[in-house]
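One structure below.
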Amino acid sequence: MNTKNPIKVHDEYADTYDASVKEYHSHLHELLFGMCYEFIQPGDSLLDIGIGTGLSSVNFARAGVDVYGMDPSSNMIEQCRKKGFAKELKQHSLTDPPLPYHDKAFSHVIACGVFHFFGRLDVYIDEACRVLQDRGIFALTVATPGQGEMNSDSDSWVEVRTQWGLSLYKHGDVYIERQLRRCALEPLKYQRILQKGGARKDIVFTVVVSRKISGSAS
């Protein structure tokens, strides 16, 4: 099975992405927002890494947060732009570091439905921390290994080939916590969520909310 390019895939179904999320009863983006709500204030700024059509950050905008977004898919960005809530949108890929923002540019950073497309996450978490202000929140989601794939508490990740042609990367809890603490990010909350896959295999995701420690070097 040939592995498809995630950016090309997202370009192809950008106009039906929101409908697909509803079809699969996915509420990962809403859970992430709810877990972050106590830490945000109107007038804060937030960078959504991999903003897509904006599902993950639109509720932040409704709460009075200024949303900035980046995504490698031009079609996804266009769908997000039509919703009219983002202060700024940039076409940029995580695989082309550094992020196009200056140090400590944002009050908060989120990455929802992004990191399960990558194995090693250190460079991406480094960049998220670099553009995050002290005491700011970094919230992310990762796919979590299931029974027989790898222990969820592993300090590693596993690649899983999917029937729709994409590679999915599942990260152990210890690996994620180690990467966060390495960047002076203090984990605050964890929550598992089962994503129903319909005819496809269900996937367990983990939402992690962390906070940047004041005075860190990043």
Handout entry: Scan of the range 88-115 for residues that are of a type outside the set (Ser, Thr, Tyr), open to solvent by 20 Å² or more (accessible area, probe 1.4 Å), touching a residue at least 60 places away in the same chain (Cβ under 8 Å) and farther than 14 Å from Tyr68 by Cβ, ordered by number
Key = Gly113
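Could you list all residues from the range 152-174 that are assigned to a loop (DSSP other than H, G, I, E, B), at pLDDT 90 or above and open to solvent by less than 10 Å² (accessible area, probe 1.4 Å)?
Answer for the range 152-174, where residues must be assigned to a loop (DSSP other than H, G, I, E, B), at pLDDT 90 or above and open to solvent by less than 10 Å² (accessible area, probe 1.4 Å): just Gly172.
Any idea how many residues of the range 94-103 are of a type in the set (Ser, Thr, Tyr) and at pLDDT below 95? So that I can check it myself, show each step before the final result.
We begin by selecting, within the range 94-103, every residue of a type in the set (Ser, Thr, Tyr); these are 95, 101.
With at pLDDT below 95 added as a condition, the list becomes 95.
Here the count works out to 1.
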Practice task
Select from the range 45-88 the residues that are on the phi > 0 side of the Ramachandran plot and either at pLDDT below 95 or within 17 Å of the chain's Cα centre (by Cα) (or both) and list them in ascending order.
Solution key: Gly50, Gly52, Gly54
Practice task
Could you identify the single residue in Leu121, Leu132, Leu194 that is buried (at least 22 other Cβ atoms within 10 Å of the Cβ) and within 18 Å of Met35 (Cβ to Cβ)?
Solution key: Leu132
Fill in the blank from the handout: Checked the range 92-128 for anything out of contact with any helix residue (DSSP H, G or I) (no Cβ under 9 Å at 6 or more places or on another chain) and among the aromatic types (Phe, Trp, Tyr); matches are Phe106
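In the range 121-147, which residues are part of a loop (DSSP other than H, G, I, E, B) and modelled with pLDDT of 95 or more?
Leu121, Val131
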Fill in the blank from the handout: Looking across the range 126-162 at residues that are in contact (Cβ under 8 Å) with a residue 40 or more places away in the chain and of a type in the set (D, E, K, R), the single one that is farthest from Pro98 (Cα to Cα) is Arg161
Handout entry: Qualifying residues in the range 42-61 (those that are open to solvent by 10 Å² or more (accessible area, probe 1.4 Å) and of a type in the set (S, T, N, Q)) - the one farthest from Cys129 (Cα to Cα)
Key = Asn59
Exercise for the section: Please indicate, with yes or no, whether at least one residue in the range 113-131 is touching a Cys at 6+ places or on another chain (Cβ under 7 Å) and acidic (Asp, Glu). Expected result: yes
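The values are calculated or read from the model by the stated rules, or taken from the named source; none is laboratory data. The model shown is predicted, which means the values in this text are computed figures rather than measured ones. Note that each Cβ is placed from the backbone with ideal geometry, even for glycine, and that neighbours are counted across all protein chains shown. These area figures cover heavy atoms from the full protein model, side chains too; ligands, DNA and RNA do not enter into them. Shrake-Rupley method; radii C 1.70, N 1.55, O 1.52, S 1.80 Å.
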